[in-house]
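Trainee: Let me begin by handing over the structure; questions about it come next.
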Amino acid sequence: MTTDKAIVLSVCRLTKTYSAAGERVDVLRGVNLSIAAGERVALTGESGSGKSTLLHLIAGLDRADSGKIDFAGISITELGEAGLAALRRDRLGLVFQHFNLIPSLSVRDNLAFQSRIAGRHDAKWLSELTDRLGLADFLDRYPEQLSGGQQQRVAIGRALAVKPTLLLADEPTGNLDEATADDVLALTRDLVAQTGCSLLMVTHSIRLAATLDRHIHLSAGLIA
Ligand code: ADP
Ligand code: MG
């Protein structure tokens, strides 16, 4: 891809095969992908096409069989577990379909969780995020006392509080009704733009995918 912006993420000839019940599944068969600074990319593909697998590999939560991933100038494929954990904590925002909030922590503490352990707590930015996400009145509540849309807003706030280089979102609106999904996505898009980070978002919605800068599709283990 030619662009005048810096490349934040570069995935080159990535492969991943799973073996389950004696059967081999070639999930990724040589995936290439580059994302520029500030670029917002939608990733679609049939269920089971390997979208989550690709995000897990980029986040360093699983290892590729071959190929290369460079993120923020660092070769993820050569990094050890401690280095991967530090990179995830400091440079990546992760948002999943099931929110993954910490049930025993209040909204306030969930929001600050990652930025505190990353040593990147910025009270002013967190307060602005809280307002923009409409969470100011819910700070003392616990996740179970929130709607799905509210919980996902907390997860997005937590991920953006560190001002990550890249936000990885795996079907973040998959558990929400359509109107709520649209709200959450529009907010995510705006906050990502404000943060200046890049976004790679898995979605089933072609309509939502069309609202980002670029739409890529995973099929038969490849991004066309
Ligand atoms: P998607 O997110 O596009 O629905 P996934 O990346 O979750 O797809 O899965 C891709 C394929 O890899 C599926 O066939 C799935 O069953 C398989 N798979 C994913 N994770 C594992 C695993 N840990 N062990 C074995 N097979 C897996
Ligand atoms: Mg998935």
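Trainee: Please identify, among Gly157, Gly93, Gly83, the residue showing maximal mean-square fluctuation in a Gaussian network model of the chain using a 10 angstrom Cα cutoff.
Mentor: For the chain, modelled as a Gaussian network with Cα springs under 10 Å, the answer is Gly83.
Trainee: For the chain, with a Gaussian network of springs between Cα atoms less than 10 Å apart, report the residue from Ser147, Ser49, Ser198 with the top mean-square fluctuation.
Mentor: Ser147
Trainee: Something else now. Based solely on its DSSP helices, what 222 nm [θ] is calculated for the chain when runs of n ≥ 4 H residues each add -39,500 (n - 2.57) and the sum is averaged over all residues, nearest 500 deg cm²/dmol?
Mentor: Numbers: 7 runs with 76 residues, N = 224.
When only DSSP H runs of four or more count, the value is -10000 deg cm²/dmol.
Trainee: How many Å² of accessible area per residue for the chain, probe 1.4 Å?
Mentor: Computed with neighbouring chains in place, this is 47 Å² per residue.
Trainee: Let me ask something else about it. Return the single residue from Arg29, Arg89, Arg141 with maximal mean-square fluctuation; model: Gaussian network over the chain, springs between Cα atoms under 10 Å.
Mentor: Arg141
Trainee: Something else about it: If you count the DSSP beta bridges with both ends in the chain, what percent of them are antiparallel, to the nearest 5?
Mentor: Values: 20 of 38 bridges.
Percent antiparallel among DSSP bridges in the chain is about 55.
Trainee: Can you list the residues, at least 5 places off or on another chain, whose amide H is less than 5 Å from the amide H of Ile223, using H built in the peptide plane?
Mentor: The list, which skips near neighbours in sequence, is Asn32.
Trainee: Let me ask something else about it. Roughly what would the spin-label model give for Ala20 and Ala193, points 7 Å off Cα along C-beta, in nm?
Mentor: Each label point is offset 7 Å from its Cα along the Cβ direction, giving 3.9 nm.
Trainee: If you don't mind, there's one more thing I want to ask. Assuming R0 = 22 Å, what is the FRET efficiency of Lys124 and Ala86, from their Cβ-Cβ distance, to the nearest 0.05?
Mentor: E between Lys124 and Ala86, to the nearest 0.05, is 0.35.
Trainee: Can you tell which of Leu129, Leu146, Ser198 lies farthest toward the positive end of the dipole of the stretch 7-223, using +1 and -1 charges on the Cβ of basic and acidic side chains (Lys, Arg; Asp, Glu)?
Mentor: Projecting each Cα onto the dipole axis, the largest value belongs to Ser198.
Trainee: From the backbone phi of the stretch 93-99, what are the Karplus-calculated ³J(HN,Hα) couplings (6.51 cos²θ - 1.76 cosθ + 1.60, θ = phi - 60°) in whole Hz, Gly and Pro given as x?
Mentor: Coupling constants for the stretch 93-99: x, 10, 10, 10, 4, 9, 6 Hz.
The values are calculated or read from the model by the stated rules, or taken from the named source; none is laboratory data. Everything quoted here is computed from the prediction, not taken from an experiment. Here the Cβ is made from the backbone with ideal geometry for all residues, glycine too, and neighbour counts use every protein chain on show. Protein only, heavy atoms only, side chains kept; ligands, DNA and RNA dropped before computing areas. Shrake-Rupley method; radii C 1.70, N 1.55, O 1.52, S 1.80 Å.
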